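Report on one structure; see the data block that follows.
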Amino acid sequence: MRKDKKHTPPELSKADLHIHALNDGKATPEEIVDWVHTKTNLSVIAVTEHDEVAAAYEAKDIAKKKDYEFDVVIGEEVTAKEGHVLALFIKDRIRPGMSARETIVEIHEQGGLAVAVHPLFQTRLRNPKHDSMDGVGVITLIKEDFDAVEIVNATPTFGDVNLKAKYVNRALLKKTEIGSSDAHIKEAIGVGYTLFEGKNAKDLRRAIEKGQTQVHLRKWDVRGISKYILYYIPTALRNMFWGFRHGFSVKEPDVIKVPRSFK
């Protein structure tokens, strides 16, 4: 009788697919890749500036020159009319201001993947000069052809938003789940992450396309959370002041009521 070969568990790696730099964050592309190399065990990252890809290409080039052992995915957080859409594995900048449907079509035409990031979070602020972090809303999330949904966003105040996104996706959409940091400071990188089988960007993409990912959120340390609060206070005050002066726009209704038994 032939003995079965010893089972070898698959190699699992971590990815953080939502990281900001330059205009949208406090770290340069070089500081980001240096931090990932020295302070994390991430195998794949995506640098995803609002409405541009220059920082992502710069980070990718620096990581390659320094021979770092992780992959950098070219990405962009695109400002669509209904809210933000994350474009991954793209080549060129996606033009902001289109509808979510048009944005997703253009991402797919470039061979990329479209992710609904921090969906269901809506500030009701429409300040064109400052980031609002608006998600697409539940109606757009349900009706449009997203490849994945970010159900873990490490922004400290997004616990309820994450829970709602998780509930909608698992109860209705059944799309691939992504976990990310949405880091605007380097200390946040890797706090939220996606676990996948394999070790590089190609393996990660395959896992997303097959729906074979896991999402995780580790605890913030005191130093990191303090820096995040200090980073966000000026932006929050500017957006609030602008909103009181110019008014708050009407967004998609929040109709999601998560059962208390859901975790």
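The values are calculated or read from the model by the stated rules, or taken from the named source; none is laboratory data. Predicted model, so just to flag it, every value in this text is computed and none were measured. Note that each Cβ is placed from the backbone with ideal geometry, even for glycine, and that neighbours are counted across all protein chains shown. Surface accessibility is based on the protein's heavy atoms, side chains included, excluding ligands, DNA and RNA. Shrake-Rupley method; radii C 1.70, N 1.55, O 1.52, S 1.80 Å.
Scanning the range 36-59 for residues that are of a type in the set (D, E) and open to solvent by 20 Å² or more (accessible area, probe 1.4 Å), we see that the one that is nearest to E77 (Cα to Cα) is D51. For the range 177-204, name all the residues that are of a type in the set (S, T, N, Q) and surrounded by fewer than 21 Cβ atoms within 10 Å (Cβ to Cβ). Correct list: N200 only.
Once the range 3-26 is narrowed to residues that are surrounded by fewer than 24 Cβ atoms within 10 Å (Cβ to Cβ) and among the aliphatic types (A, V, I, L, M), the residue that is modelled with the highest pLDDT is L12. Taking the range 205-228 as the range and being open to solvent by less than 100 Å² (accessible area, probe 1.4 Å), in contact (Cβ under 8 Å) with a residue 60 or more places away in the chain and assigned to a helix (DSSP H, G or I) as the test, the residues that pass are R205, I208, I225, Y228.
Only one of K64, K91 is surrounded by fewer than 19 Cβ atoms within 10 Å (Cβ to Cβ), at pLDDT 95 or above and in a loop (DSSP other than H, G, I, E, B). Can you tell me which? The conditions single out K91. Annotation: V136 fulfils all but one of (1) outside any loop (DSSP other than H, G, I, E, B); (2) closer than 23 Å to A46 by Cα; the unmet one is (1).
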